[in-house]
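Here the structure comes first, spelled out in structure tokens, and everything after it is commentary.
Since every read-out is calculated from the coordinates, none of them should be taken as a lab result. Predicted, not measured: the structure shown is a model, and the values here were computed from it. Because the Cβ atoms are built from the backbone with ideal geometry, glycine has one as well, and the counts that use them run over all protein chains shown.
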Ligand SMILES: C[S@@+](CC[C@H](N)C(=O)[O-])C[C@H]1O[C@@H](n2cnc3c(N)ncnc32)[C@H](O)[C@@H]1O
């Protein structure tokens, strides 16, 4: 069923909103594309995030935009909707206890007969993946002999493009401990004034790939540690459990799964054992 459009003027009226049926259409679309459940309380957020794009395309309504993105030829525009409607908030060393755990407990207990592979599974613009890599480089070194690697992945193409640059505004780097900043980051000068560049030795060890966790996973190997933080909150229980199952399927026995402090995957998969709040281990 096609959504009923709100009048043209709503696109330009600061008090405006999207019609209920237009919102419902985008709610269903984002659920199909990503698995994310947008509650009815997100109506104004959807309006705010899509409005500029609808105007930019010279369209008169969200209904027209919905028809456009629904066309089979419009995969890039559907990716645009995903980029606009996902929430990508992140920062370096967010929830620092997890990085202390990585350094003080996970690294000393690691299997030494294989490379340490860590996955930042909803990496957004890369701050989490680079924070992990700085801890690993500091503890294990970053020479070619140091056997570790980090994969960062996300469904949003826009944030991955940003992540691959390894360059961030200085206002966004508060969480980086000073010795890691000195060793693994460089402040930009001249045209790059006001930015920080993650060291090349780190960037070479961190690979970014577009992965939709709501679908069958591509062949990315097995992991010892997975950070899956601040993403599951956007999913309903059944979809969340499916994602956790897919992720656990590619973790080694004894591997560590770390979710956000406000999240829990208790009961999502019987192979997981609680280590401490927000930290789980795969049964051996
Ligand atoms: C709030 S950010 C969390 C970033 C980081 N993990 C942190 O804790 O700071 C959530 C990320 O999940 C991503 N995401 C949402 N649905 C996804 C899906 N189906 N597959 C992969 N990534 C997804 C979003 O694009 C967004 O970048």
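Gain on full extension, evaluated as 0.36 nm per residue between residue 182 and residue 197 minus their Cα-Cα distance, stands at 4.2 nm. With respect to the chain, whose longest principal axis is taken over its alpha-carbon atoms, helix 75-85 is tilted by about 80°. Does the stretch 32-89 classify as rounded, prolate or oblate by the C-alpha gyration tensor (a ≥ b ≥ c root eigenvalues; a/c under 1.5 gives rounded; else a/b over b/c gives prolate, otherwise oblate)? Oblate shape, in that a/c is at least 1.5 and b/c is the bigger or equal ratio.
With a 10 Å Cβ neighbour count serving as the proxy for reagent exposure, in which order, fewest first, do 93, 62 appear? Walk me through the numbers before you get to the answer.
Details: 93 21, 62 26.
Neighbour counts put them in this order, fewest first: 93, 62.
Taking label positions 7 Å along the Cα-Cβ direction at both residue 157 and residue 170, the computed distance is 3.4 nm, reported to one decimal. Computed over Cα pairs, the Kirkwood radius of the stretch 74-129 leads via Stokes-Einstein (1.002 mPa s, 20 °C) to a diffusion coefficient of 153 µm² per second.
The ranking of 22, 95, 215 from fewest to most other beta carbons within 10 Å of each one's beta carbon is 215, 95, 22. When only Cα pairs below 8 angstrom with a gap of at least 6 residues are kept, the stretch 97-282 shows a relative contact order of 21 percent.
Modelled spin-label separation between residue 76 and residue 105, with each label point placed 7 Å from Cα along the Cα-to-Cβ direction: 4.7 nm.
Using the 10 angstrom Cβ neighbour count as an exposure proxy, how do 252, 98 rank, fewest first?
Details: 252 15, 98 24.
If I rank by nearby Cβ atoms, fewest first, I get 252, 98.
Scattering from the stretch 145-244 was approximated by placing one identical point on each alpha carbon and applying the Debye formula without solvent; log10 I(q)/I(0) at 0.12, 0.13, 0.24 1/Å stands at -0.53, -0.62, -1.39. Taken along the Cα-to-beta-carbon direction at a fixed 7 Å, the label points for residue 24 and residue 250 span 3.7 nm.
In nm, what is the difference between 0.36 nm times the number of residues separating residue 44 and residue 279 and their Cα-Cα distance? Answer, rounded to one decimal: 81.2 nm. Distance distribution P(r), the chain, all Cα-Cα pairs, bin width 5 angstrom from 0: 1, 5, 12, 15, 16, 14, 12, 10, 7, 5, 2, 1, 0 percent. Find the centroid of the Cα atoms in the stretch 147-204 and in the stretch 211-237, then give the distance between the two in whole Å. Answer, in whole Å: 22.
Radius of gyration (Cα atoms) of the stretch 213-274, expressed as a multiple of 2.2 N^0.38 Å: 1.03. Helix 237-249 axis versus longest C-alpha principal axis of the chain: approximately 30°, rounded to the nearest ten. Short to long, the 5 Å bins of the Cα pair-distance histogram for the stretch 9-115 hold 2, 10, 18, 18, 12, 8, 6, 7, 7, 6, 4, 2, 0 percent of all pairs.
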